[in-house]
Each structure stands twice: as C-alpha cells, then as structure tokens.
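Comments concern the structure below.
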C-alpha cells in the first residue's frame, strides 16, 4: 500500500510517502515561497525520488489542523483534488496528533503546542505507550495561562513540543518547574511522515473517507471572522 501525505499547517511544509507502514521518502521546506507555490512541486519531487507516479498512490492524506488557516486550506484542497481525480480514498489527520506521534514513548504526558498568536496556543494532551497514542484532551485554541492550569492538573512530567514552546518557555518553566520536559529541536514542526503513518493506520481501521468528506479542523474562528463578530463602537453621541 502506498500513502502520500502533505503537511501545510505551519511555516514548514512537507510531503511524505509511506509504503506498508514504512517511510520511503520525505521532503520538507521552509523558505520564502508560499505553500500554494511549492505544494505540487514537492509532491512531484517526492514521488520522483522513489520512482513513483500519482497513479501509484493508494491513499491520500492531509494534515487538517489546527494551525495556519490558509496553509491548512491549501493542503486539504490539494489532496481532495488529487484523490477525486484518481478516485482514491483520503484520511484527514490532526496536526497535533501527528506532532505527538513523532515522539518516543514517554512516562508522562505529551503536549504538542503550536503558536496561535495573541498569547494563545493550539494544543492537546496525550499519553504514548507501545507506540500507541491516547488523546486525553481534545484539540483546542486556548490562552497560555489556561494551558498551564490544565497541565498542572496532571501532577506529573509533561513533555512539550512545537513552535510555541520556546516562545513561552520562561513562563512554562516558572509555573511547572521540574515537571517540564522539552523535546529535541527537530520536533518544532509537524511532519508529513507522521501524517502518512497515522493515515495508513486509519485506513486499516476502516476510517478512510471520500474526498468530499475531507474538511479542515478549525478549533477557533479566523482573525477576520473574530473582527467581523466584534461589536462595533457607537460613534453617535
């Protein structure tokens, strides 16, 4: 079985191919071009690297968020179009699930944390044993102080990874002390290989969907939507 996945929810974009639960190719890029400019060239380059073509792909997958609203849409729309044209099933994978999955088993709680701006983070809490991931809290976009409050309820070691970790490190260390563990620098961004591996597992568990069913996972409204909903001040006196 050949699975192709893309990850476009963050600053770094990646594409990976997994064959029968084994990563055979992965390309990541983080430079000036937008995801819309580089996603198809990345897909073509990744396939070419292992001598495959789009028609060889059995399953398509995309990271569905949370993360960059624009980036997520680009990845989801691209995968939907490819899968529809080739009549293939798809799987959507949570960005936070994929990020947590990259970590080895940990005797404690794992929490991927992505910057959501305005002192907020996209995050969730997991346990990982025997390479199996258990989500303890659903994905959410929350203030960093609310994340700290949730983390303290566990009362045990917590492994934090993602691009928001360094941003909020001083406060996290102050509040959590010795309970705080950090991941290697290489785990700042989610990877398409994790998305592909989780997608393949979903397929084996009969949880693949049609291209029409693939949708982004937005855990909060976009900035434009929040501004639209904000009450307008009454200038009339």
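Can you tell me the order of 96-104, 194-202, 77-85, 164-172 when each peptide is scored by its average per-residue count of other Cβ atoms within 10 angstrom, highest first?
Values: 96-104: 23.3, 194-202: 25.2, 77-85: 18.4, 164-172: 16.9.
Most protected by this proxy first, the peptides run 194-202, 96-104, 77-85, 164-172.
If you run the Gaussian network model on the chain, springs between alpha carbon atoms under 10 Å, then out of 191, 22, 73 the most flexible one is 22.
Taking a ≥ b ≥ c as the square roots of the Cα gyration tensor eigenvalues, with a/c under 1.5 meaning rounded and otherwise prolate when a/b beats b/c, else oblate, which class fits the stretch 103-187?
Working: a/c = 1.42, a/b = 1.35, b/c = 1.05.
Since a/c stays below 1.5, the shape of the stretch 103-187 is classed as rounded.
Mind telling me which of 189, 60, 106 comes out most flexible in a GNM of the chain, alpha-carbon contacts under 10 Å? Sorting by GNM fluctuation, first place goes to 106.
Could you work out the relative contact order of the stretch 103-187? I mean the mean sequence separation of Cα pairs under 8 Å and 6+ apart, divided by the number of residues, in percent. Can you show the working numbers first?
Working: 141 pairs, mean separation 25.1, N = 85.
The normalised contact order for the stretch 103-187 reaches 30 percent.
Out of all DSSP beta bridges in the stretch 103-187, what portion is antiparallel? Express it as a percent rounded to 5.
The antiparallel proportion sits near 70 percent.
Reducing the stretch 38-78 and the stretch 112-167 to their Cα centroids gives an inter-centroid distance of 26 Å.
In what sequence do 50, 109, 219, 121 fall when counting other Cβ within 10 Å, fewest first? Kindly include the intermediate steps, with their values, before the conclusion.
Details: 50 12, 109 23, 219 18, 121 26.
By the 10 Å Cβ count, ascending: 50, 219, 109, 121.
Computed over the chain, the per-residue total of -39500 (n - 2.57) for DSSP H runs of n ≥ 4 gives a 222 nm mean residue ellipticity of -10000 deg cm²/dmol, rounded to 500. In percent, rounded to a whole number, the relative contact order of the chain is 24, using alpha-carbon pairs under 8 Å and six or more apart.
For the chain, the antiparallel share of DSSP beta bridges with both residues in that region comes to about 65%. Extending 7 Å from Cα along the Cβ direction at residue 29 and again at residue 107 yields two label points whose distance is 4.4 nm. Once you sort the root eigenvalues of the Cα gyration tensor of the chain as a ≥ b ≥ c, which label holds: rounded (a/c under 1.5), prolate (a/b larger than b/c) or oblate (the other case)? The shape class here is oblate. Legend: ranking of residues 3, 129 from fewest to most surrounding C-beta atoms inside 10 Å; resulting order 129, 3. Among 179, 214, the order by Cβ neighbours within 10 angstrom, fewest to most, reads 179, 214.
Throughout, read-outs are computed from the coordinates displayed, never taken from laboratory work. Keep in mind that this is a model prediction, so the values were computed, not measured. Glycine gets a Cβ as well: all are built from the backbone with ideal geometry, and neighbour counts include every protein chain shown.
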